[in-house]
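*Asks:* Quick one: the structure is below, and I'll ask about it shortly.
Bear in mind that the values in this text are calculations on the coordinates, not laboratory data. Here the structure is a predicted model, which is why all the values come from computation and not from measurement. FYI the Cβ positions are ideal-geometry reconstructions off the backbone, even for glycines, and counts take in every protein chain you see.
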Amino acid sequence: MKVLNTIVLVLVIIGALNWGLIALFSFDLVAWLFGNMTMLSRLVYGLVGLAGLWAITFFTRLSIDK
């Protein structure tokens with residue numbers, strides 16, 4: 001489970017950095033690397049989205065750990 005959480009955290013950070021680049025510079029790193037809405041870029045966007053959903057569970061885990 002620890003490995004999955006680490007992967008999720010990395011994907012959420014990638015997504016956050018990509019959104020920051022879009023907001024600041026109108027530059028979409030994922031589209032630049034993998035093409036605009038190619039199957040691979042859609043996969044990356046999908047994985048980042050799923051990671052975001054999984055990251056929501058981190059909040060409940062924080063309250064349990066205390």
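*Asks:* To test your reading of the geometry: what angle, between 0 and 90 degrees and rounded to tens, separates the Cα axis of helix 39-65 from the longest principal axis of the chain?
*Replies:* 20
*Asks:* Hey, quick one: spin label on Arg42, modelled 7 Å out along Cα-Cβ, who in the range 1-24 has an amide N within reach, i.e. under 19 Å?
*Replies:* Within reach of a label on Arg42, which here means backbone N under 19 Å from a point 7 Å along Cα→Cβ, the range 1-24 contributes nothing.
*Asks:* Extension gain Leu29-Lys2, at 0.36 nm per residue separation less the Cα-Cα distance, in nm?
*Replies:* 7.0 nm
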